[in-house]
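Novice: This is the structure I have questions about; it appears just below.
The values are calculated or read from the model by the stated rules, or taken from the named source; none is laboratory data. Computed from a predicted model, the values in this text were never measured in an experiment. With ideal geometry, Cβ positions are generated from the backbone for all residues, glycine too; neighbour counts draw on all protein chains shown.
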Ligand SMILES: Nc1ncnc2c1ncn2[C@@H]1O[C@H](COP(=O)(O)OP(=O)(O)OP(=O)(O)O)[C@@H](O)[C@H]1O
Ligand SMILES: [Mg+2]
């Protein structure tokens with residue numbers, strides 16, 4: 001069906017041991033949608049991103065991909081359905097070179113014969129990585145490590161890219177590059193779920209906003225209407241993340 005959502009969270013709760021992080025979160029992403037997930041530190045953004053990519057199980061409620069229930073399915077099933085997750089923080093193998101990191105990842109996700117083309121594409125997206133292909137990833141700068149994590153998921157051409165604080169720790173000029181890349185991914189038809197501390201960037205890129213507060217959706221609506229609501233909220237809750 002043309003209007004089947006790509007991703008649907010319905011009344012999802014999530015827990016870390018005895019601690020409940022999400023309380024009845026519902027959100028819907030259609031093919032090609034770009035949603036910004038905003039909220040202060042600890043609001044539950046990363047948890048929503050993890051539930052949406054199968055890394056954290058919903059304790060109750062439902063997660064559906066293309067209308068198919070995926071609640072508590074393993075992460076690889078989400079990946080097979082075209083959902084890629086660029087996690088928060090650094091997520092590279094520190095003792096392997098840039099190229100070894102990419103080869104390892106592409107071999108698994110795209111198959112051995114597609115590795116050379118995928119490497120070319122990664123180095124085209126981020127020439128800096130090409131220049132440093134023989135460098136051990138652990139010695140890359142923080143920003144370069146983010147590029148490496150990002151290159152891996154972008155080359156896969158996900159149907160839905162879930163990106164958690166992609167620009168954290170990146171120099172403004174690199175943040176701009178990352179956002180140009182995201183914009184081109186969007187225009188190629190992929191959907192985005194973006195957790196971002198640069199509210200302005202997120203609002204420019206995304207057409208929908210979901211504002212999280214203490215594990216619940218406090219507001220959801222079009223980006224055009226979000227600026228005041230979001231800024232007021234983040235001001236009141238005392239942090240902007
Ligand atoms: N592994 C964990 N074990 C226990 N509690 C956790 C775990 N991960 C997250 N939490 C808690 O769940 C709540 C939501 O965390 P989450 O990481 O989703 O927030 P966030 O909105 O991404 O915050 P930030 O902006 O700081 O990244 C927080 O109170 C956090 O302490
Ligand atoms: Mg987070």
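Novice: Look at residue 174 and say whether it is in contact (Cβ under 8 Å) with a residue 24 or more places away in the chain and within 16 Å of ligand 1 (Cβ to nearest atom).
Specialist: In short, no.
Novice: Which condition from (1) modelled with pLDDT of 95 or more; (2) over 21 Å from residue 216 (Cβ atoms); (3) surrounded by 20 or more Cβ atoms within 10 Å (Cβ to Cβ) is the one that residue 86 breaks?
Specialist: It fails just one condition, (1).
Residue-wise test of (1) in a strand (DSSP E or B); (2) touching a residue at least 12 places away in the same chain (Cβ under 8 Å).
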site: 152; (1), (2): no, yes
site: 157; (1), (2): no, yes
site: 180; (1), (2): no, no
site: 211; (1), (2): yes, yes
site: 224; (1), (2): no, no
site: 228; (1), (2): no, no
site: 233; (1), (2): no, yes
site: 236; (1), (2): no, no
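Novice: Given the structure, is residue 194 without any contact (Cβ under 8 Å) to a residue 40 or more places away in the chain and under 27 Å from residue 235 (Cα atoms)?
Specialist: no
Novice: Of all the residues that make up segment 191-237, how many are out of contact with any helix residue (DSSP H, G or I) (no Cβ under 9 Å at 6 or more places or on another chain), within 22 Å of residue 167 (Cα to Cα) and either away from ligand 1 (no atom under 12 Å from the Cβ) or modelled with pLDDT of 90 or more (or both)?
Specialist: 3
Novice: Another question, then. Kindly list the number of the only condition in (1) within 16 Å of ligand 2 (Cβ to nearest atom); (2) under 15 Å from the mean Cα position of the chain (by Cα) that fails for residue 169.
Specialist: Every condition holds for residue 169 apart from (2).
Novice: Can you name the residue in segment 58-83 that is surrounded by fewer than 17 Cβ atoms within 10 Å (Cβ to Cβ) and under 17 Å from the mean Cα position of the chain (by Cα) and is also nearest to ligand 2 (Cβ to nearest atom) among such residues?
Specialist: For segment 58-83, the residue satisfying everything is 75.
Novice: Additional query: Being in contact with a strand residue (DSSP E or B) (Cβ under 7 Å, 6 or more places away or on another chain) and crowded, with 22+ Cβ neighbours inside 10 Å is true for just one of 151, 218, 202, 122. Which residue is that?
Specialist: Only one candidate passes the filter, namely 202.
Novice: Quick check: anything in segment 135-148 within 22 Å of residue 80 (Cα to Cα) and assigned to a helix (DSSP H, G or I)?
Specialist: Yes, segment 135-148 contains at least one residue that is within 22 Å of residue 80 (Cα to Cα) and assigned to a helix (DSSP H, G or I).
Novice: How many residues are over 13 Å from the mean Cα position of the chain (by Cα) and either crowded, with 22+ Cβ neighbours inside 10 Å or over 17 Å from residue 231 (Cα atoms) (or both) when one looks only at segment 30-41?
Specialist: The number of residues fulfilling the criteria is 5.
Novice: Looking at (1) outside any loop (DSSP other than H, G, I, E, B); (2) surrounded by 12 or more Cβ atoms within 10 Å (Cβ to Cβ), which is the one condition that is false for residue 197?
Specialist: (1)
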